[in-house]
Amino acid sequence: MSLSLSATQPEVPADADEGVWLECIECGETFAPFADVRYTCDDCDGLLEVRYADLPTFDDFEGEGVWRYADALPFDEGVSIQEGATPLYEVPRLEDDVSVEALRIKHEGMNPTGSFKDRGMTVGVRVASELGVGRLACASTGNTSAALAAYGSRGGMETLVLLPAGKVAAGKIAQASLHGARILEVDGNFDACLDIVQELAGQGEAYLLNSLNPFRLEGQKTIGLEILEGFLADYDTVPDRIVLPVGNAGNTSALYKAFRELVQAGALDESDVPKLTGVQAEGAAPMVEAIENGADEVRRWDDVETRATAIRIGNPVNAPKALPGIRETDGTAVSVSDERITEAQRDLAREGIGVEPASAASVAGLRKLRAEGIVTRDERVACLTTGHLLKDPDAAAAAGRDPEPVPADTEGVLEHIRE
Ligand SMILES: *Cc1c(COP(=O)(O)O)cnc(C)c1O
Ligand SMILES: [Zn+2]
């Protein structure tokens, strides 16, 4: 199977372009990468993956940020606003409290628009310009639209974003708006927005930059590469486990692909591959359901609800890539309540790390799995925090302390703080 960790390097097909091609994960059909616009397989509608004739090892990486990993990407450079190279924070108190050998926080909120989506867009928008498309579009719970708006304008292209009305955090709409996207507020949830934008893209109205687009996931692979390099530098070994929030499961798929490619290149031992551990909110947990039931397919949830709006998704489009990733790495998936998510948001804030609710799901999930003994005391763990606190100021204010009204004189203020 092409998505197995022990898959061997495929033969280079005739339609490859400078050693790069697209391959269907279901039927194996190959396609030229930049000749036409295509999101899924012409023959069976399966998901596509980008393949390379030559895969790099750690020694081939040079420079900083996403484009440090150019040898693992379809181009040498992209439409860039200096994305990637995010901090891998130490959190000594939280590490003690959770009780693991090592805990590090990979804070993707430190990207240019405040989420990991920038890593995918720097590559995706570069591909869009190669294809010569004029208008870019996405459905979004918010962060994809912020990133698309910024990278689209940087690349000089028109952008169109479809958002679920009333369900997008304030910071994200503000970004999409200022960067000049046309914002269409849809009277429906994220999954309905994605259905519509896929149909628009199918009719040639716009180039789709959701994570169904295989090129976006190439950029997101670099999260995994940075985490591995960071752990190798600090602990001389890769992490035992990477815990991440799951919405459309793009990151889960991208990290798994990064690991598979390193294994194929001989840069990583199959037995050392980190256990991919996905976390969803209880009100939107179709991937967790599929993992728990040992199912090959994910059942679409029509009604989803959670405070973690970035992962309020009932139909994870990348499930066919992500399920093998979780299973082949011996990982798991777990759901957490909104209350636990908010507590984890406070845990991180106490260490000085400000994240939006969806991001905190990773830490909440780690706590739950540690309490259940599924994560053990001797593990070195990386938690991915996907977006910045300022993305969702209302959630942050609700989780934090309330402001206290005081009179406008020193005596009155002193009296108040001594109370
Ligand atoms: C997009 C997003 C997610 C979901 O990521 P997937 O790759 O779709 O699973 C999680 N958290 C935040 C903050 C996001 O913006
Ligand atoms: Zn196919």
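The values are calculated or read from the model by the stated rules, or taken from the named source; none is laboratory data. In this text the structure is predicted, and so the values were computed from the model without any measurement. All Cβ positions, glycine included, derive from the backbone under ideal geometry; neighbour counts span all protein chains shown.
Restricting the stretch 1-35 to residues that are charged (D, E, K, R) and under 26 Å from the mean Cα position of the chain (by Cα), the residue that is surrounded by the most Cβ atoms within 10 Å (Cβ to Cβ) is Glu23. Figure legend. Inter-residue proximity from the stretch 362-374: first residues over 15 Å from Asp96 (Cα atoms), second residues in a loop (DSSP other than H, G, I, E, B), beta-carbon distance below 6 Å, spacing 6+ or different chains. Indicated pairs: Leu369/Val375.
Among the residues of the stretch 23-44, are any within 16 Å of ligand 1 (Cβ to nearest atom), part of a loop (DSSP other than H, G, I, E, B) and not assigned by TED's automatic domain parsing to the domain that holds Asp272? Yes, because at least one residue in the stretch 23-44 is within 16 Å of ligand 1 (Cβ to nearest atom), part of a loop (DSSP other than H, G, I, E, B) and not assigned by TED's automatic domain parsing to the domain that holds Asp272.
Ser271 passes all but one of (1) farther than 17 Å from Leu88 by Cα; (2) more than 13 Å from ligand 1 (Cβ to nearest atom); (3) in contact with a strand residue (DSSP E or B) (Cβ under 9 Å, 6 or more places away or on another chain); (4) not in a loop (DSSP other than H, G, I, E, B); which number fails? Condition not satisfied by Ser271: (3). The one condition from (1) in contact with a Lys or Arg (Cβ under 6 Å, 6 or more places away or on another chain); (2) free of Cβ contacts under 8 Å to residues at least 12 places away in the same chain; (3) of a type in the set (Gly, Ala, Ser) that Gly331 does not meet is (2).
Scanning the stretch 45-66 for residues that are among the aromatic types (Phe, Trp, Tyr) and surrounded by fewer than 22 Cβ atoms within 10 Å (Cβ to Cβ) gives Phe58, Phe61.
Of all residues in the stretch 350-378, those satisfying the criterion of being within 16 Å of ligand 1 (Cβ to nearest atom) and hydrophobic (A, V, I, L, M, F, W, C) are Ile353, Val355, Ala358, Ala360, Ala361, Val363, Ala364, Leu366.
On the given criteria, is Gly314 in the same structural domain as Leu103 (by TED's automatic domain parsing), away from ligand 1 (no atom under 12 Å from the Cβ) and within 19 Å of the chain's Cα centre (by Cα)? Yes, satisfied. Would you say Ser80 is surrounded by 15 or more Cβ atoms within 10 Å (Cβ to Cβ), farther than 21 Å from Val355 by Cα and among the polar types (S, T, N, Q)? Taking the combined requirement at face value, the residue satisfies it.
The set of residues from the stretch 374-419 being hydroxyl-bearing (Ser, Thr, Tyr) and out of contact with any Phe, Trp or Tyr (no Cβ under 6 Å at 6 or more places or on another chain) comprises Thr376, Thr385, Thr410. Kindly indicate whether Gln82 is at positive phi and either part of a helix (DSSP H, G or I) or more than 16 Å from ligand 2 (Cβ to nearest atom) (or both). In short, yes.
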